[in-house]
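These notes concern the structure reproduced below.
The values are calculated or read from the model by the stated rules, or taken from the named source; none is laboratory data. Keep in mind it's a predicted model, so treat the numbers as computed, not measured. For neighbour counting, all protein chains shown are included, and Cβ atoms are generated from backbone atoms with ideal geometry for every residue, glycine included. Only protein heavy atoms, including side chains, enter the accessible area calculation; ligands, DNA and RNA are left aside. Shrake-Rupley method; radii C 1.70, N 1.55, O 1.52, S 1.80 Å.
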Amino acid sequence: MPAFPHPFRAYTAFRRAAYSAGPAPRRQFLPREFIGALLDGAAERLPLLDAPDLPWELAERVHDPAYLARWRQGEVTRAEERALGFAWTPAVVERGLSSAGATLAATRDALEVGLGLNLGGGTHHAYADHAEGFSFLNDVVISARWLLDSGQARRVLILDLDVHQGNGTASMLADEARSLTVSVHAEGNYPFSKERSDLDVALPDGTGDAAYLEGLNSRVAPVVADFRPDFAFYLAGADVLAGDQLGRLALSPAGVRARDDRVFGWAARSGVPLVAVMAGGYNRDPQTLISARLGTLDSALSAFIQRAGVI
Ligand SMILES: [Zn+2]
């Protein structure tokens, strides 16, 4: 592994057999043939480690154990498969467990060096007792619960900038006063029946860079400042980009980079440990999506390397 002039690294579940064997889900974050290009680009920037499996007992702290047991055994109804968005296979379970394991490993990194990265994750439509929207396990809620239970964080921000509302996350943390759930999303998009986050910023179809960034400044920043988080999760969804098959907003690549720079810059300046997960991205042009993902890594490294004074 080449040496990098910084202490940061990223986790990926994409090298797991579950991502390459068997039938591919009709929709996934990136068509299978492009995953290699994403991983190569990431590995030029930082060490890329394979995701460890999440221990099931951590999932059981936030998900209904009966739900998990049924899914592990494939006792899933057609209606449940429709809500998930694709058919159950053992790979669904393996992907969920490794993706959530990557987010947990990134959380440990953030405690240690300030920044943790998962090249996947952000399955924010998973509820305590059911799967939805490509989401079986809610990786961020699992890691947030682990942090709070273990006393390693006391005030956890979940900044969900995926184009879809973080409905599962909002539902699962509704009664948790030590978390702040923020979702900035396209109002007319899935999920069509929304939950109530601590702060929802619902944007009209076609919202572009200027209005989006203004929303972050005027609506999100003051609420986050009031909450004074001591740990943050960032769902850096690339499905806000114009041209996304499942998005309804119209950010440019430069707008997404400006968004990322604001989030990572804030965390680095304020000394709040931050985990970034990639969440959704279904661009018609896979190269646009890969560039956005690598741009998110560049933004994170740039902000945190400056803070660390490594270069
Ligand atoms: Zn999304």
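Computed quantities for the displayed model
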read-out: Matching entry among VAL223, VAL182 (being β-branched (Val, Ile, Thr) and touching a helix residue (DSSP H, G or I) at 6+ places or on another chain (Cβ under 8 Å)); value: VAL182
read-out: Matching residues, the range 270-286, being under 12 Å from ALA303 (Cβ atoms) and in contact with a helix residue (DSSP H, G or I) (Cβ under 7 Å, 6 or more places away or on another chain); value: LEU274, ALA276
read-out: Residues that are surrounded by fewer than 20 Cβ atoms within 10 Å (Cβ to Cβ) and either of a type in the set (A, V, I, L, M, F, W, C) or closer than 21 Å to ALA225 by Cα (or both), drawn from the range 149-172; value: GLN152, ARG154, ARG155
read-out: Some residue of the range 285-297 being in contact with a Lys or Arg (Cβ under 6 Å, 6 or more places away or on another chain) and within 19 Å of LEU119 (Cα to Cα); value: yes
read-out: Per-region count, the range 151-193, residues within 15 Å of the ligand (Cβ to nearest atom) and either in contact with a Cys (Cβ under 6 Å, 6 or more places away or on another chain) or in contact (Cβ under 8 Å) with a residue 60 or more places away in the chain (or both); value: 11
read-out: Meets criteria (within 23 Å of ALA236 (Cβ to Cβ) and charged (D, E, K, R)) for ARG61; value: no
read-out: Leading residue by the ranking (farthest from the ligand (Cβ to nearest atom)) among those in the range 241-257 that are closer than 17 Å to LEU297 by Cβ, within 18 Å of the chain's Cα centre (by Cα) and not basic (Lys, Arg); value: VAL256
read-out: Failed criterion for GLY215 (all others in (1) over 19 Å from the mean Cα position of the chain (by Cα); (2) open to solvent by less than 20 Å² (accessible area, probe 1.4 Å); (3) touching a residue at least 40 places away in the same chain (Cβ under 8 Å) hold); value: (3)
read-out: When residues of the range 241-252 are limited to those that are out of contact with any helix residue (DSSP H, G or I) (no Cβ under 8 Å at 6 or more places or on another chain) and either of a type outside the set (Gly, Ala, Ser) or at pLDDT 95 or above (or both), the one surrounded by the most Cβ atoms within 10 Å (Cβ to Cβ); value: ASP244
read-out: Condition check for VAL223: away from the ligand (no atom under 16 Å from the Cβ), β-branched (Val, Ile, Thr) and over 18 Å from GLY116 (Cα atoms); value: yes
read-out: Residue match in the range 194-212 (condition: open to solvent by 60 Å² or more (accessible area, probe 1.4 Å) and among the hydroxyl-bearing types (Ser, Thr, Tyr)); value: no
read-out: Residue satisfying all of: in the range 267-283; under 18 Å from the mean Cα position of the chain (by Cα) and outside any strand (DSSP E or B); nearest to the ligand (Cβ to nearest atom) among these; value: GLY280
read-out: Filter result (more than 18 Å from LEU148 (Cβ to Cβ) and either surrounded by fewer than 24 Cβ atoms within 10 Å (Cβ to Cβ) or more than 13 Å from the ligand (Cβ to nearest atom) (or both)) within the range 226-240; value: ASP226
read-out: Hits in the range 284-301 (condition: within 16 Å of the ligand (Cβ to nearest atom) and open to solvent by less than 20 Å² (accessible area, probe 1.4 Å)); value: LEU289, ALA292, ARG293, THR296
read-out: Sole exception among (1) within 16 Å of the ligand (Cβ to nearest atom); (2) without any contact (Cβ under 8 Å) to a residue 12 or more places away in the chain for ALA131, by number; value: (2)
read-out: Contacts under 9 angstrom Cβ, first residue in the range 101-115 being under 10 Å from ARG9 (Cβ atoms), partner basic (Lys, Arg) and modelled with pLDDT of 95 or more, 6 or more apart; value: ALA106/ARG9; ASP109/ARG9; VAL113/ARG9
read-out: Unmet requirement for TYR19, which otherwise passes all of (1) modelled with pLDDT of 85 or more; (2) assigned to a helix (DSSP H, G or I); (3) among the aromatic types (Phe, Trp, Tyr); value: (1)
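Every residue, every condition in (1) within 22 Å of PHE231 (Cα to Cα); (2) free of Cβ contacts under 8 Å to residues at least 60 places away in the same chain, yes or no:
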position	(1), (2)
LEU46	no, no
ARG70	no, yes
VAL76	no, yes
PRO90	no, no
ASN118	yes, no
GLY122	yes, no
